[in-house]
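Asks: This is the structure, below, for whatever I ask next.
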Amino acid sequence: MAVELGIDWAKAEDTLPAKAISAQRQASAARWNRSDEVSVCATVWSAMSLFRYIFNTSRKFSQRQETPAFWFMLDWHPMKNLTVLHERITRCRRCPRLVAHREAIARTKRRQFRQWTYWGRPVPGFGDPKARLFVIGLAPAAHGGNRTGRVFTGDRSGDWLYEALYRFEFANQPHSAHRGDGLRLSDCYIAAVVRCAPPGNKPLPEEFDACRPYVLEELRLLRGVRVVVALGKIAFDHYLRACLDSGLPVPSPAIQFGHGAAYQLPWGVTLIGCYHPSQQNTFTGKLTRRMFHAIFRRARKNLGRR
Ligand code: SF4
């Protein structure tokens, strides 16, 4: 090769001594080898990037969202926000038992709702992206959230919850019937530990584990949260578990759930325990309106008004 890496050797041989030319050729070869390695690395890196892009955007991506690529995409995708997360959640099929149950309920329906087209999918969180109050429950009800597609909407527990949120100015109306009913939350966001309606309201341990990344991701995106109301002991414990998983210094020994028990957590959040407004609790008088309102009054007092 007469011209190699910008050096014209024919010309160089006329002007440089033999030793100098030999040294120049060796240095040039070394540079060429390094340059070659860099090119190969760049090609491999480009191929991997292309593969990752195709993988993430393929039509079957929704069925693979449990893979690390899903979280990788959430971290780096420019459209990263709650809406993107919600879309991923509603396509999730990670727990075969819950997928079968939620879809069976949606097919068979309850008699009084036979005119409905049930949602029959995972139910994402709902509310204000700038919320300071985060309310966390267990899972959607079979004929509530699993029918309407919005958390705590269309069941008796939701009637209690939204009435209380309205009373303390976290919601614009006290009723929650369906997704198009005009309900808006202000300074409040509601989510569940498990996003699919479970048989007997009892998710399995592995289903809690499978679904926990979603609440974890929501909490990461909701940067303004200052008060968490956990509806029931299971939600209380799993909120703390999600915090532990995200590396927060969860108190040890473990703090205990109780109705009205409030804890100031080291990361600046007040966690308040509240009995779940299930019919089992409200019909038996274990939870009264007064007790329930006291929780949200406290949350409002703690947060003040914006
Ligand atoms: S419970 Fe959660 S992880 Fe399991 S299928 Fe539903 S959304 Fe997916």
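Asks: Being within 14 Å of the ligand (Cβ to nearest atom) and in a helix (DSSP H, G or I) is the filter; apply it to the stretch 134-167 and report the residue that is surrounded by the fewest Cβ atoms within 10 Å (Cβ to Cβ).
Replies: Asn146
Asks: Here's a follow-up. Among the residues of the stretch 197-217, is any more than 22 Å from Gln279 (Cα to Cα), assigned by TED's automatic domain parsing to the domain that holds Ala142 and touching a Ser or Thr at 6+ places or on another chain (Cβ under 7 Å)?
Replies: yes
Asks: To continue, here is another question. Here are some residues: Arg184, Arg179, Arg220, Arg226. Which one is in the same structural domain as Asn281 (by TED's automatic domain parsing) and either of a type in the set (S, T, N, Q) or surrounded by 15 or more Cβ atoms within 10 Å (Cβ to Cβ) (or both)? Even if it seems obvious, please write down each step before you answer.
Replies: Numbers: Arg184 fails: either of a type in the set (S, T, N, Q) or surrounded by 15 or more Cβ atoms within 10 Å (Cβ to Cβ) (or both); Arg179 fails: either of a type in the set (S, T, N, Q) or surrounded by 15 or more Cβ atoms within 10 Å (Cβ to Cβ) (or both); Arg220 fails: either of a type in the set (S, T, N, Q) or surrounded by 15 or more Cβ atoms within 10 Å (Cβ to Cβ) (or both).
Unique residue meeting the criteria: Arg226.
Asks: To continue, here is another question. Which ones in the stretch 213-235 are more than 16 Å from the ligand (Cβ to nearest atom) and farther than 24 Å from Val84 by Cβ?
Replies: Of the residues in the stretch 213-235, the ones more than 16 Å from the ligand (Cβ to nearest atom) are 220-233.
Across the stretch 213-235, the qualifying residues are Arg226, Val227, Val229, Ala230, Leu231, Gly232, Lys233.
Matching residues to (1) acidic (Asp, Glu); (2) touching a strand residue (DSSP E or B) at 6+ places or on another chain (Cβ under 9 Å); (3) over 25 Å from Asn281 (Cα atoms):
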| position | (1), (2), (3) |
| --- | --- |
| Glu103 | yes, no, yes |
| Phe113 | no, no, no |
| Gly144 | no, no, no |
| Gly158 | no, no, no |
| His178 | no, no, no |
| Tyr189 | no, yes, no |
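The values are calculated or read from the model by the stated rules, or taken from the named source; none is laboratory data. Bear in mind the structure is a predicted one, so any value in this text is a computation, not a measurement. Cβ coordinates were reconstructed from backbone atoms using ideal geometry, including for glycine residues, and neighbour counts include every protein chain displayed.
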